[in-house]
Amino acid sequence: MADQRATRAIVDLDAFQSNVRRVLASLRPGCRLMAVVKANAYGHGAAMIARSAVQAGAAQLAVATVAEGLRLRTVGIEVPILVLSPIDFPEIGSALRGGLSLTVADDPVMDRVEAEACRLRLPGPAPVHVKIDTGMRRYGAMPEAAIALAVRVAASPELALEGVFTHFAAADEIEEGFTSEQATRFDRSVEELAARGIRPPQLHAANSAATLRSRRYDYDLVRVGIALYGLPPSPDIPLLSGMRPVLSVRSRVARIIDLAPGDTVGYGRTYRAEMFEQAALVPLGYADGYPRSLSGLGWVALGGRPAPVRGRISMDQTVIGVPAGVQVQPGHEVVVVGEAAGAPGLVDLAGMVGTIPYEMATGIAPRVPRHYVRASEVVAVEDLSGLHEADAGLFAAGSDPSQDM
Ligand SMILES: *Cc1c(COP(=O)(O)O)cnc(C)c1O
């Protein structure tokens, strides 16, 4: 296997599938799960996560872009895949050929989808979801326009109205009033469609936060992203019992640095040693997704103890202080992200730098190889050269799965 980089993200597929099953078990009977795997499955790696989601019972998947959806087709995903974000005209043909379902919220896009569907002579009508803006004011048609669009799709031989949906603006806040109001507006639109004889097969509204908080928002399916990765949508909306983080980040000490009093560490010399002390170099930097704003602030776990970041985090390297009493050698394991191993979790790190776990997770760079673990065995590695699966015999001798645990 090509990449033996010390810095890697460990993705626990058992934890992920257990989270999927936990969410599925909480839903109203008959309500299905659309696993949201946009942005490379929130940084976890879309190919393995998508397969694991389907295997654990997700009926459908959602992505943000056409390229994300087409990538899933190339790795053998056959379930329906909905593109949630606005689609660009030039992408419509390839999206339809790839069997992706498209979100439509205005007539010009609908015209184009219809024309492309006709031109391509697809085996069946092009699957479309109409998005209603019930208060997010981002992407979606206002209720009356959405109803007109849905009527139009239902009447077109080139198009199939697969679903009608909306998206909540504040489901992750304690105050539920606006979410409930959005749901009421959605219900009203659904009733108006029914009055015109249209019942879209799939009505959906809930994201993770709405799914975690109430059965009121289930409809025919729920679109769950962040919670499946074991990360709460906000501090106010906890996960269900038993759900746990899926991803951790580990590295290895590259070199020991002996500091004398007065020595300074790194760019800008922001850390100055007061006495003789040991530091260690970790081959991980902001270009890997370890934010520079953690300089002088973050910490990792080394030998089971907290080890502070010393000085500035650079693009590819970070220096940490070796905790008193810890004996380190080059090659020593460093846990950068992972509560279970005594390091900060993505939620903690997000709090330290003033962002949200979504941004921390999606910020883990593609150059950090993802090691997929099942029952304590590495079953696949995805790196810049692609996806390598253990059962395809692609693991080179010398890769030692035990070092991931
Ligand atoms: C990203 C997204 C979701 C999933 O949101 P989470 O908070 O991660 O569960 C659901 N619906 C839409 C339209 C989205 O863009």
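The values are calculated or read from the model by the stated rules, or taken from the named source; none is laboratory data. This is a predicted model, so every value here is computed, not measured. FYI the Cβ positions are ideal-geometry reconstructions off the backbone, even for glycines, and counts take in every protein chain you see.
Somewhere in segment 66-85, is a residue under 13 Å from the mean Cα position of the chain (by Cα) and within 14 Å of the ligand (Cβ to nearest atom)? Yes: one or more hits. Within segment 91-105, does at least one residue satisfy the condition of being within 16 Å of the ligand (Cβ to nearest atom), over 26 Å from Gly43 (Cα atoms) and assigned to a loop (DSSP other than H, G, I, E, B)? The answer is yes, given that some residue of segment 91-105 is within 16 Å of the ligand (Cβ to nearest atom), over 26 Å from Gly43 (Cα atoms) and assigned to a loop (DSSP other than H, G, I, E, B).
Within the set Gly304, Gly363, Gly298, the sole residue that is small (Gly, Ala, Ser), out of contact with any Lys or Arg (no Cβ under 8 Å at 6 or more places or on another chain) and closer than 19 Å to Asn40 by Cβ turns out to be Gly363.
Among residues that are small (Gly, Ala, Ser) and within 29 Å of Leu96 (Cβ to Cβ), Gly135 is not included. With respect to Val113, determine if the residue is assigned to a helix (DSSP H, G or I), away from the ligand (no atom under 16 Å from the Cβ), crowded, with 23+ Cβ neighbours inside 10 Å and β-branched (Val, Ile, Thr). Yes. Within the bounds of segment 47-63, is there any residue that is farther than 19 Å from Leu221 by Cβ, within 16 Å of the ligand (Cβ to nearest atom) and out of contact with any helix residue (DSSP H, G or I) (no Cβ under 6 Å at 6 or more places or on another chain)? No, segment 47-63 contains no residue that is farther than 19 Å from Leu221 by Cβ, within 16 Å of the ligand (Cβ to nearest atom) and out of contact with any helix residue (DSSP H, G or I) (no Cβ under 6 Å at 6 or more places or on another chain).
Quick one: in segment 203-238, of everything that is polar (S, T, N, Q) and under 22 Å from His44 (Cβ atoms), which residue is surrounded by the fewest Cβ atoms within 10 Å (Cβ to Cβ)? Filtering first and then ranking leaves Ser234. Could you list, in sequence order, all residues of segment 70-89 that are closer than 15 Å to Phe165 by Cα and among the small types (Gly, Ala, Ser)? Result: Ser85, single match. What number of residues in segment 267-316 are at positive phi and either assigned to a helix (DSSP H, G or I) or buried (at least 20 other Cβ atoms within 10 Å of the Cβ) (or both)? Going through segment 267-316 one residue at a time, the tally reaches 4.
Phe168 fulfils the conditions (1) surrounded by fewer than 21 Cβ atoms within 10 Å (Cβ to Cβ); (2) closer than 13 Å to His204 by Cβ except for a single criterion, (1).
Going through (1) touching a residue at least 60 places away in the same chain (Cβ under 8 Å); (2) in contact with a strand residue (DSSP E or B) (Cβ under 8 Å, 6 or more places away or on another chain); (3) under 30 Å from Phe16 (Cβ atoms) one by one, Ala39 falls short only on (2).
Search segment 218-235 for residues that are touching a residue at least 60 places away in the same chain (Cβ under 8 Å) and pair each with any residue that is within 12 Å of the ligand (Cβ to nearest atom) and acidic (Asp, Glu) when their beta-carbon atoms are under 8 Å apart and the residues are at least 6 apart or on different chains. These pairs meet every condition: Pro233/Asp172; Ser234/Asp172. Could you list, ordered by first residue, the pairs with Cβ atoms under 8 Å in which the first is in segment 53-66 and farther than 17 Å from Cys31 by Cβ and free of Cβ contacts under 8 Å to residues at least 40 places away in the same chain and the second is within 12 Å of the ligand (Cβ to nearest atom) and in a helix (DSSP H, G or I), at least 6 apart or interchain? Matching pairs, first to second residue: Val63/Lys38; Ala64/Lys38; Ala64/Ala39; Thr65/Lys38.
Checking each residue in segment 113-140 for being charged (D, E, K, R) and over 30 Å from the mean Cα position of the chain (by Cα) picks out Glu114, Glu116, Arg119, Arg121. Would you be able to say whether some residue in segment 345-353 is within 30 Å of Met275 (Cα to Cα), crowded, with 17+ Cβ neighbours inside 10 Å, in contact (Cβ under 8 Å) with a residue 12 or more places away in the chain and of a type outside the set (A, V, I, L, M)? Checked segment 345-353: no residue is within 30 Å of Met275 (Cα to Cα), crowded, with 17+ Cβ neighbours inside 10 Å, in contact (Cβ under 8 Å) with a residue 12 or more places away in the chain and of a type outside the set (A, V, I, L, M). Residue count for segment 247-266 under the criterion of being touching an Asp or Glu at 6+ places or on another chain (Cβ under 9 Å), outside any strand (DSSP E or B) and within 25 Å of Leu349 (Cβ to Cβ): the result is 1.
When each of Ser248, Ser189 is tested for being more than 13 Å from the ligand (Cβ to nearest atom), under 25 Å from Val335 (Cα atoms) and crowded, with 19+ Cβ neighbours inside 10 Å, the lone residue that passes is Ser248.
If you go through segment 279-287 one residue at a time, do you hit one that is at pLDDT 95 or above and closer than 14 Å to Ala361 by Cα? Yes, that holds for at least one residue.
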